[in-house]
Amino acid sequence: MNLRRTLIVGNWKLHGTLAGNQTLLLQLRANLRGLDAVDFAVCVPYVYLFQAQQLLSGSNLLWGSQNVSQYDVGAYTSCISAAMIAEFGCQFVILAHSERRMLRLESHEVTAQRFLRALEGGLTPIYCVGEAQAERDAGLAEEVVKRQVLNMLHSLDDDAFARAKQLNMVVAYEPVWAIGTGQHASPQEAQAMHAFIRELIAARDPLFAKRIRIIYGGSITADNAQEMLSMPDIDGALVGRSALVAETFTQICRIANDLSLKSHQP
Ligand code: PEP
């Protein structure tokens, strides 16, 4: 029996308009109604959090942000704090996405501070890890992911780790070479890495390792969702491009819901 409830999260990145979002969110709200075996969320640009809250409150589609500041308050032009995000009813925050690490050179130290701020704000972190193509080609994929996971685990003292468990923190394995390229990891490659990540977490807390959701991201589509989500350690998906079209995201969510229902049949 699977202890973990599947989680499907859309990452909108730098996409959206007020009018387009309204159509997309209302379609998703209607399409996902009644799909109760899985958790669903969309992580939208900060400026659309209010709109997400207005349109999604009371539905089974949760929402979140794509980052959070490492600061609480003060003279930090353009930063958005965890408390601000929480005011808009967010549940999730994506952290350490590879596009952030690459574009803004977010260091491990900064990510660790952001992780703590997210926890203090009552937000559930979705912590992204994943190797680049050159690292995989050099046989370093596990080593890179291990360093990223351990960096996160070591930055949490016992109190913070307890809080992370309470908030059901999520890890997203997103091989950088699979993001936005149309080239997803094979189910076996992804399964192996997810099992490896779970082992790393088990070294700190074996019970939580059984419970933590490790989701896969990187060119998930309605065509590959079934095979990816069927793997035992893949507990959901972080979906970029395919989350921007209501029909496609709905199909992925339906596949996840059907698989979940099947896995709970006696
Ligand atoms: C992502 O950026 O989190 C992602 C998984 O993107 P895509 O699905 O477009 O590869």
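The values are calculated or read from the model by the stated rules, or taken from the named source; none is laboratory data. Here the structure is a predicted model, which means the values were calculated and not measured. Virtual Cβ from ideal backbone geometry, glycine too; neighbours counted across all protein chains shown. When the accessible area is computed, the model is the full protein with side chains, heavy atoms only, and any ligands, DNA or RNA have been set aside. Shrake-Rupley method; radii C 1.70, N 1.55, O 1.52, S 1.80 Å.
Counting only Cα atoms, the chain measures 53, 43, 35 Å along its principal axes, largest extent leading. Projecting label points 7 angstrom from Cα along Cα→Cβ for Lys210 and Ala162 puts them 2.2 nm apart. Solvent-accessible area assigned to carbon and sulfur over the range 185-266 amounts to 56 percent, based on a 1.4 Å probe.
Of interest is the spacing of the C-alpha centroids, which for the range 35-98 and the range 99-156 amounts to 19 Å.
Fully extending the segment from His108 to Leu3, taken as 0.36 nm per residue of separation minus the present Cα-Cα distance, adds 34.8 nm. Binning the C-alpha pair distances of the range 87-240 at 10 Å intervals from 0 yields a P(r) profile of 11, 43, 36, 9, 0 %, listed from the shortest bin outward. Near Met169: Cβ cut-off under 11 Å, other residues only, Lys/Arg at +1 and Asp/Glu at -1. The net charge is +4.
Farthest toward the positive end of the dipole of the range 7-263, out of Gln191, Ser155, Asn224, is the Cα of Asn224, where the dipole comes from beta carbon charges about the Cα centre. The residues of the chain expose on average 45 square angstrom of accessible surface per residue, using a 1.4 Å probe on protein heavy atoms. Return the lysines within reach of Lys13: Cα separation strictly under 29 angstrom, same-chain partners fewer than 8 residues apart disregarded; answer none if there are no such residues. Output for Lys13: Lys146, Lys165. Calculated FRET efficiency, Leu14 to Asp72, Cβ-Cβ distance, R0 = 25 Å: about 0.45 to the nearest 0.05. Relative contact order for the range 178-266: 30 percent, from Cα pairs under 8 Å spaced at least 6 residues apart, divided by residue count.
Of the GluC sites (Glu not before Pro) in the range 68-138, the ones in a loop by DSSP (not H, G, I, E or B) with at most 15 other beta carbons within 10 Å are Glu87.
Based on C-alpha pairs under 8 angstrom that are at least 6 apart in sequence, the range 102-162 has a relative contact order of 31 percent. The stretch between Asp223 and Leu153, if pulled fully straight at 0.36 nm per residue, gains 21.8 nm over its current Cα-Cα span. With the helix formula -39500 (n - 2.57) applied to DSSP H stretches of n ≥ 4, the chain reaches a computed 222 nm mean residue ellipticity of -14000 deg cm²/dmol.
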